[in-house]
Structures are given as C-alpha cells and as structure tokens.
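Novice: Take this structure, written in structure tokens, and hold onto it; I'll ask about it next.
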Amino acid sequence: MNETLNIILNRRSIRKYLDKKIEKPDLDSIVEAAIMAPSAMNSQDWHFCVISNRERINEINNIIKEEIINEGKKFIVDKINEAGGDVFRGAPVLVIVSSKETEKSNIMSCAAATQNMVIAAEALNINSCWIGSISVLGQSSQFDNLRTKLQIPDGFIPNNGLVLGYKADGDFPMPERKSETVTFIS
Ligand SMILES: Cc1cc2nc3c(=O)[nH]c(=O)nc-3n(C[C@H](O)[C@H](O)[C@H](O)COP(=O)(O)O)c2cc1C
C-alpha cells in the first residue's frame with residue numbers, strides 16, 4: 001500500500017508512551033509539518049508552543065481540571081482522576097496550538113496544522129493524542145500568567161492540544177468507524 005495512506009489508515013490516538021524525551025530533530029520535523037499545513041488565505045494565524053517540561057505540563061493539567069470544575073463538570077474531573085489524574089496521560093511532550101482570536105477560519109487552520117502533526121508523528125514512530133480540553137485554558141483566570149510563561153502571543157487563544165511520546169508496547173484496538181457517513185454523487 002502507498003506509504004502515506006498506510007500511515008493514515010493505521011494511526012491511532014494512543015495514550016501510552018515511553019518515558020523518554022522526544023529528540024529535538026523529531027520535534028522540529030513535527031513542527032515543520034504543522035507550519036506547512038494549509039491555512040485560510042495563507043493567514044498562518046496560529047502559534048505552536050512545544051512543552052517538554054513535565055512540571056509545566058502538570059501545571060497546565062491542574063488549570064484544566066480546575067476550569068472543568070468551574071464549568072460545573074466535576075464528574076469529568078472525577079473520571080480523569082480515576083484514570084490517573086492526568087489529562088495528558090504522562091506524555092513527555094505537549095504541543096499547545098493557539099489561534100489568533102477565535103476567528104472561525106483560524107481555528108480551522110489550527111485543526112489542519114494539528115492533524116499534520118499527528119501524521120508526521122506517526123511517520124516518526126511517535127504516538128499522539130489530540131487533547132480538546134486544552135480549549136478551556138483561555139477562560140482561566142490563570143491564563144495571563146500562563147501566556148507569559150509559554151510565550152503565547154497576545155491575542156492568541158489555545159484551541160487544540162497534542163500530546164506526543166515514543167511508542168510503548170501494547171495492544172491498541174481500532175475504534176470502530178460509523179458506516180453511512182459518506183455519499184458519492186456522480
Ligand atoms: C477535536 C478532538 C478532540 C479530542 N480530544 C481528546 C481528549 O481531550 N482526550 C483524549 O483522550 N482524546 C481526545 N481526542 C481523540 C479521540 O478520542 C479519538 O480520535 C477517537 O476516539 C478516535 O480514535 P482514533 O484517533 O484512535 O481513531 C480528540 C480528538 C479530536 C479530533
């Protein structure tokens with residue numbers, strides 16, 4: 001099978017990683033894949049913050065859990081805590097993708113960039129998992145402080161997270177796909 005299609009068809013969201021830092025050349029390749037994604041009117045109104053510091057990742061995890069509780073969804077945090085308390089599942093690297101304001105086309109461009117990183121990671125034997133809950137960060141009272149620490153430019157709001165880690169052993173079955181989600185018109 002075509003190598004690219006093989007990577008796309010066999011990729012999974014995997015929440016288990018080797019306890020090993022990701023090499024800088026691999027991170028560089030993944031970020032390059034992000035910035036080569038299509039963007040609406042080539043605006044590239046996105047920002048990528050690549051965090052390889054576990055302490056910082058834990059800090060972000062705590063802010064997310066606090067925000068989910070503030071939203072009245074403590075039951076979700078209870079579920080996270082049952083699964084070890086970490087929305088990032090111990091991944092050694094977290095990429096925060098931020099879009100300029102909440103402009104719809106910028107958010108779509110960020111999703112394209114995030115998916116490019118997912119595919120690049122898979123090609124490099126790196127597991128990844130998209131983290132949607134990163135989007136609560138912007139509403140936190142701690143976000144201004146975090147923005148400074150993470151060097152996220154003013155006016156940019158996190159909308160997607162991606163965790164990365166070298167592949168660990170395990171059996172990760174393919175979640176089923178719905179049928180009848182496609183029509184071909186000719
Ligand atoms: C926008 C988006 C948000 C997601 N957020 C999360 C998340 O917060 N935590 C998580 O474990 N997985 C998250 N995922 C991964 C999905 O759960 C996963 O893609 C889905 O179950 C299908 O599995 P697969 O990616 O292995 O095919 C997210 C995926 C997308 C596209």
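Novice: From the phi angles alone, apply the Karplus equation (6.51, -1.76, 1.60; θ = phi - 60°) to segment 95-107 and give each ³J(HN,Hα) in whole Hz, x where the residue is Gly or Pro.
Specialist: 9, 9, 9, 10, 10, 5, 6, 10, 4, 4, 5, 5, 5
Novice: Determine the distance separating the Cα centre of segment 1-31 from the Cα centre of segment 121-150; give it in Å without decimals.
Specialist: Here the answer is 18 Å between Cα centres.
Novice: How compact is segment 92-186 by the rule of thumb for globular proteins, expressed as Cα Rg over 2.2 N^0.38 Å?
Specialist: For segment 92-186, the normalised Cα radius of gyration comes out at 1.32.
Novice: Can you pull the percent of segment 29-186's accessible area that's carbon plus sulfur, 1.4 Å probe, other chains left in place?
Specialist: With neighbouring chains kept in place, the figure for segment 29-186 is 51 percent.
Novice: Another question, if that's okay. Enumerate the calculated ³J(HN,Hα) couplings along segment 70-84 in order (Karplus 6.51 cos²θ - 1.76 cosθ + 1.60, θ = phi - 60°), each rounded to whole Hz, writing x wherever the residue is Gly or Pro.
Specialist: 4, 7, x, 10, 4, 4, 5, 5, 4, 5, 4, 5, 4, 9, x
Novice: Something else now. What is the list of residues in segment 58-76 whose amide nitrogen lies under 15 Å from a point 7 angstrom out from the Cα of Gln139, following Cα to Cβ?
Specialist: Under cut-off, by backbone N: 63-76.
Novice: From the backbone phi of segment 172-186, what are the Karplus-calculated ³J(HN,Hα) couplings (6.51 cos²θ - 1.76 cosθ + 1.60, θ = phi - 60°) in whole Hz, Gly and Pro given as x?
Specialist: 3J(HN,Hα) across segment 172-186, in whole Hz: 10, x, 6, x, 4, 9, 5, 8, 6, 9, 10, 10, 9, 10, 10.
Novice: Follow-up. In this model, which of Lys21/Lys167; Lys20/Lys167; Lys24/Lys167; Lys16/Lys149 are farther than 18 Å apart at the alpha-carbon?
Specialist: Pairs exceeding 18 Å: Lys16/Lys149.
Novice: If you project the alpha carbons of segment 134-186 onto their three principal axes, what span does each projection cover, largest first, in Å?
Specialist: 49, 40, 18
Novice: Continuing with the same structure: With every protein chain kept in place and ligands, DNA and RNA left out, what is the accessible area per residue of the chain? Probe 1.4 Å, answer in Å².
Specialist: Each residue of the chain exposes 59 Å² on average to a 1.4 Å probe.
Novice: Assuming a viscosity of 0.890 mPa s and a temperature of 25 °C, what translational diffusion coefficient in µm² per second does Stokes-Einstein assign to segment 15-166, Rh being the Kirkwood radius over Cα pairs?
Specialist: The Stokes-Einstein estimate is 158 µm²/s.
The values are calculated or read from the model by the stated rules, or taken from the named source; none is laboratory data. Small disclaimer: the values here were computed from a predicted structure and weren't measured. For neighbour counting, all protein chains shown are included, and Cβ atoms are generated from backbone atoms with ideal geometry for every residue, glycine included. The protein model used for the area step is the full one, side chains on, heavy atoms only, and it has no ligands, DNA or RNA in it. Shrake-Rupley method; radii C 1.70, N 1.55, O 1.52, S 1.80 Å.
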